[in-house]
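Take a look at the structure below.
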Amino acid sequence: MTPLATTTDTDTYDVLVAGGGPAGVAAAVAAARSGARVALVERYGFLGGTMTAVTLGSLCGYYTVRDGAALPVVGSFATEVADRLRDCGGAPDKPVFWLRTASLPYDPFRLTLVLDELVGAAGVDVLLHSMVTGVLRDGDRVTGIEVHSKQGPRRLRAPVVVDCTGDADVVAQAGGEFLPVDGPPQFPSTMFRFGGVDTDRAATISRAELHAHLERAVAAGIDLPRTAGGMYSVHPGIMHLNITRVSDRGRPPDPARTEEFGAAEAEGRRQVLRYEQAFRGYVPGFEHAFVLDCGAQLGVRESRRVAGAYVLSSDDVTGAARFPDAIGCSAWPMERHGAGRGTQWGWLDPGAYYQIPLRVLVPRDLDGVLVAGRCASADLGAQASLRVTAQCMAMGEAAGVLAHLATEGAQRPRDVPAERVRRVLTDRGAFLGTTADQQIHAEQIHAEPTRAGEHRTGGNRTEERDDQDA
Ligand SMILES: Cc1cc2nc3c(=O)[nH]c(=O)nc-3n(C[C@H](O)[C@H](O)[C@H](O)COP(=O)(O)OP(=O)(O)OC[C@H]3O[C@@H](n4cnc5c(N)ncnc54)[C@H](O)[C@@H]3O)c2cc1C
């Protein structure tokens, strides 16, 4: 076997990316395509993060829906992923419409292959089975990371580290500031797949009907934490379920507490078995269903959120906010998986979207590190919208571009003009808002940071619960 590395071994890169989920892969590929020497460090043996380790039903956040049409609100990297998935039979040609939105179902295994190809073609050094366990720092500046693998401990240095670990592990190790829990937190779910499903029959069941069937199961004594949820099918006979809800003494288990989170994993598996019983007994089309598999880990919707140069607010989301330093857009509702058996949705107006400012990727109190993905700077409500995968890819791509520009110019990321990042993203086909929006706000690009609530266009704050308890 290869001899163990020692902690004195140090490799130097232009950009380091911690975490190989949708944000991390986008960041690594974007920086490498700009010419940076990039290492991507991932604790599992495959890329995709929650999309493949937890296995989601569909790629959300890609569209806004207006007059029955699904219009993309992202481009560039996210579009490339969607196109490659379709090309290899890993996604249907058209999105699926549900509630007031639309999303693209995908095959998690094929996604791992698509992501392997993307990082390979971009020339990223991918370190799988490698856990980021510490940081190297010089005062408030992060200068690298410590990684543990079967090879032993290892140090990697770079002028910029992009933290895409979902739980903001790099920022935590560096002693960075996090946002307080400013509302009801979201609970995690164990995702699973049923085989043996009559998927033609199941496809005729509305969310309201599913809710009614599962409430009958609850009335018959089956203990289900949730009776409103999502079902997605990419292959005949197989149904993917987003329907469990795991808590630890009434609050979400903390992924940073090993014993607590491990117990929650076991509870998630027990819930899956109870859903098998409920579906077989009470939901048409599932009479012969069996649990095919569940995700490699419990799916965490929210944990640490970094305090950034700007904190995206719930009002920004529902008010379709505009920002001079916009690096992406989102129309996804605030989808909150709180306590109780339902899910709460806070919608934007049909066809509306908000912009994502670059500043949510820049930690307030640290240099040499950026964040992207679900740990970006947003209040709890805004995070419930921003966290979906298309927006994580958009944020990751912007962070990768910014990291390369900062390294190339020997600048702090916060000192790189947002306009330069926006120009690269636009050249790559990213959607940053309509041409009219870009013209209106072009002169504000170097303006002072906006306060929450500025530059809104319409929007409303309709909320509904995805069950009949409201
Ligand atoms: C149950 C559930 C259902 C969801 N359903 C959908 C859906 O249907 N559609 C949708 O678009 N979104 C959905 N989401 C949201 C979405 O999946 C996530 O918010 C999104 O994947 C976050 O992307 P990310 O890149 O920020 O982080 P993650 O996807 O969490 O990726 C983080 C990566 O970092 C790695 N990592 C973590 N810590 C370390 C470390 N210390 N060292 C090395 N590697 C590390 C992880 O292994 C992982 O690969 C769902 C989320 C959950 C939990």
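Summary of computed values
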item	result
Residue order, fewest to most surrounding Cβ atoms within 10 angstrom, among 367, 316, 223	223, 367, 316
Inter-label distance, nm, simple model (7 Å from Cα along the C-beta direction), residue 273/residue 248	2.2
Kyte-Doolittle at least -1.0, axis length at least 24 Å by Cα - qualifying DSSP helices, the chain	389-408
Packing rank of 132-144, 194-206, 224-236, 14-26, where each peptide gets the mean count of other beta carbons within 10 Å, highest leading	14-26, 224-236, 132-144, 194-206
Once exposed loop GluC sites (Glu not before Pro) are cut out (DSSP; at most 16 other Cβ, 10 Å), longest piece of the chain	1-176
Residue 420 paired with residue 88, simple spin-label distance in nm, labels 7 Å along Cα-to-beta-carbon	3.4
FRET efficiency, residue 219 to residue 71 (Cβ-Cβ, R0 45 Å, nearest 0.05)	0.65
Paramagnetic reach from residue 116 in region 22-53 [backbone N under 13 Å; point 7 Å along Cα→Cβ]	45-48
Residue-count net charge about residue 414 - beta-carbon cut-off 10 Å; Lys, Arg +1, Asp, Glu -1	+1
Percent antiparallel among DSSP beta bridges (both partners in the chain, rounded to 5)	70
Modelled FRET efficiency - R0 30 Å, residue 280 with residue 200, Cβ distances, 0.05 increments	0.95
Descending Cα extents along the principal axes, the chain, whole Å	64, 60, 43
Enclosed volume per residue, in Å³, of the convex hull spanned by Cα atoms of region 192-300	96
Computed [θ] at 222 nm, deg cm²/dmol, the chain (DSSP H ≥ 4; -39,500 (n - 2.57); rounded to nearest 500)	-9000 deg cm²/dmol
Per-pair calculated FRET efficiency, R0 = 56 Å: residue 365 and residue 99 via Cβ, rounded to 0.05	0.90
Inverse mean reciprocal Cα-Cα distance (Kirkwood Rh) of region 32-113, Å	14.1
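Every number in this text was worked out from the coordinates using simple rules, so none of it is lab data. Keep in mind the model is a prediction, meaning the values are calculated, not measured. Here the Cβ is made from the backbone with ideal geometry for all residues, glycine too, and neighbour counts use every protein chain on show.
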